[in-house]
Amino acid sequence: MSRPSTLPEFQAHYGERYRWLLLLAVMVGAMASIMSSTIIAVAVPDMSRHFTIGQERAQWVSSGFMAAMTVAMLMTPWLLGRFGYRRTYGGSLWLLLVGGVMGGLSDNYTLVLLARVGEGLAAGVVQPIPAIIVMRAFQPHEQGRAMSVFGLGAVLAPALGPTVGGVLVDLFGWRSIFFMVVLFCLASLWMSSRFVPSSSPGGALPSGNDKPLDSLSLLLAAAATLSLLNGLVQLHTGLDARSCALLAGAAGLMGWFVLRQRRLGARMAAGARVAPLMDLSVFANRRFAMGSCVAFIYGMALFGSTYLLPVYMQLGLMLSATSVGTLLLPASLSLALTIAMVGRLTSRWSMHVLVPIGLVLLAVSFALFFLVQLHTSLWLIVSLVVVGRMGLGFILPSLNVGAMRGLARELIPQGASAINYARTLGGAVGLGLCGIVLEFRLAAHGANLTAAVSSPARLAAFNETFLMLMLLCLLALP
């Protein structure tokens with residue numbers, strides 16, 4: 001019997017269990033991409049000391065990754081249509097693997113940054129794919145359960161990553177954390193060769209001569225994102241002509257991007273050859289449009305806090321990287337348990353109920369950091385982080401599935417790409433805002449991060465940055 005290639009052939013070969021094997025295959029790769037995006041925060045203080053660079057430059061290993069991932073997500077629908085699931089997914093994992101090895105072996109900050117950008121490009125292509133698989137391979141009544149199973153695997157990476165990564169940083173230094181993704185990439189490459197179909201989302205084998213990529217739109221999105229992030233970095237030194245020019249340029253480039261998508265979408269109806277990079281018709285669905293707005297704000301809080309928490313614990317509470325990883329483990333495990341519970345509720349409870357519960361829990365967690373002092377019990381800090389991660393557990397499995405449920409089947413790849421783009425663009429902005437607000441509050445309190453010991457003033461600056469994240473969560477509620 002010939003080897004299965006398309007989705008129906010795999011389903012006929014493996015039977016009912018195939019959709020779960022397919023989900024497992026893409027889940028392992030997503031774990032590698034998620035781990036590469038979150039684990040770096042544990043190594044930022046050590047990396048800034050190694051390269052003798054400031055906190056704002058060290059933050060670019062996270063911001064550069066986020067910028068690359070944000071832009072790459074826009075390419076996923078075109079890549080899937082042009083090359084199919086298997087070649088797109090496999091190629092992205094190879095890029096992620098090479099980026100991990102390159103970053104771990106480099107002794108030059110520019111090369112480390114380039115490795116992170118390569119990892120971000122790979123992660124951006126990979127991360128929308130599981131949602132597309134869930135929406136296409138599973139029936140509506142199974143989608144919540146499938147998303148919770150995927151969510152369980154997806155949070156195992158950030159759950160174990162900071163713990164193991166903290167130990168590795170203390171024992172072997174910052175470069176050791178780059179190699180953690182390699183084993184996940186190798187395992188996922190083997191599984192994808194066995195279970196991921198060669199076909200495109202439409203079901204047919206990719207022909208290789210579909211519509212060309214809208215390179216100008218991709219360039220506009222990349223330039224807008226980089227201008228935005230550079231403008232936010234420039235704000236670290238205050239509001240000046242350069243930061244205003246960069247932020248205004250970002251707004252103008254993004255406006256041009258949106259207008260171009262509208263124009264190309266109108267031409268597509270007349271049979272134009274170039275398809276828009278982002279099909280704006282997905283936002284005609286009100287549920288999806290509101291879900292994307294929430295995803296943007298939620299991404300700001302999620303990625304901002306993921307960066308801020310390890311830095312806060314190491315430079316605010318003066319804990320070792322190993323201690324930080326150990327303290328974050330209970331919170332990540334509570335996130336996994338919450339996702340498992342909420343995944344079963346998504347078929348019975350509305351997104352309009354589950355997502356606000358999660359946002360409120362996140363806001364409460366951030367607000368209660370004002371209770372933390374230099375000698376506060378570590379168990380109180382762990383409890384605050386656990387409450388916040390439980391909030392994430394209510395949002396993660398319900399937001400994407402709930403927002404995309406009303407989309408036409410042919411728009412699902414575009415919807416998955418668009419909502420993940422909104423979330424990661426928000427994440428990139430959140431990372432920048434956390435750095436700006438932290439430096440602003442440090443200056444206001446007359447504190448800095450270079451002193452060998454912490455102080456109440458330094459801790460107050462961190463706590464007020466968490467207050468900004470709380471306000472973002474409350475903003476998403478309406």
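Those residues that are acidic (Asp, Glu) and either touching a Pro at 6+ places or on another chain (Cβ under 8 Å) or in a helix (DSSP H, G or I) (or both), I need them from the stretch 106-125; list them, please.
119
So which residues in the stretch 384-411 are of a type in the set (Lys, Arg) and more than 28 Å from residue 277 (Cβ to Cβ), if there are any at all?
Within the stretch 384-411, just 389 meets the criteria.
Restricting to the stretch 183-207, count the residues that are modelled with pLDDT of 65 or more and surrounded by fewer than 17 Cβ atoms within 10 Å (Cβ to Cβ).
Number of matching residues: 6.
Are there any pairs with C-beta distances below 7 angstrom linking a residue in the stretch 320-341 that is at pLDDT 75 or above to a residue that is among the acidic types (Asp, Glu), with the two at least 6 apart or on different chains, and if so which?
320/170
Within the stretch 249-268, identify whether any single residue is part of a loop (DSSP other than H, G, I, E, B) and modelled with pLDDT of 80 or more, and answer yes or no. Before the answer, list the steps.
Looking only at the stretch 249-268, we keep the residues that are part of a loop (DSSP other than H, G, I, E, B), and these are none.
There is no residue in the stretch 249-268 that is part of a loop (DSSP other than H, G, I, E, B) and modelled with pLDDT of 80 or more.
To keep it simple, each residue is scored yes or no on (1) assigned to a helix (DSSP H, G or I); (2) modelled with pLDDT of 85 or more; (3) aliphatic (A, V, I, L, M); (4) in contact with a Cys (Cβ under 9 Å, 6 or more places away or on another chain).
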position	(1), (2), (3), (4)
411	yes, no, yes, no
414	yes, no, no, no
420	yes, no, no, no
432	yes, no, no, no
447	no, no, yes, no
454	no, no, no, no
465	yes, yes, no, yes
472	yes, yes, yes, no
475	yes, yes, yes, no
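Here's the yes/no breakdown for (1) at pLDDT 85 or above; (2) within 23 Å of residue 417 (Cα to Cα); (3) in the same structural domain as residue 300 (by TED's automatic domain parsing):
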residue	(1), (2), (3)
38	no, yes, yes
52	no, no, yes
58	no, no, yes
98	yes, no, yes
109	no, no, yes
131	no, yes, yes
138	no, yes, yes
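More than 22 Å from residue 142 (Cα to Cα) and among the hydroxyl-bearing types (Ser, Thr, Tyr): is that true of residue 350 in this structure?
No.
Considering every residue within the stretch 402-409, establish whether at least one is in the same structural domain as residue 294 (by TED's automatic domain parsing), farther than 30 Å from residue 288 by Cβ, part of a helix (DSSP H, G or I) and more than 20 Å from the chain's Cα centre (by Cα).
Taking every residue of the stretch 402-409 in turn, none turns out to be in the same structural domain as residue 294 (by TED's automatic domain parsing), farther than 30 Å from residue 288 by Cβ, part of a helix (DSSP H, G or I) and more than 20 Å from the chain's Cα centre (by Cα).
The values are calculated or read from the model by the stated rules, or taken from the named source; none is laboratory data. Source: prediction; values computed, not measured. Because the Cβ atoms are built from the backbone with ideal geometry, glycine has one as well, and the counts that use them run over all protein chains shown.
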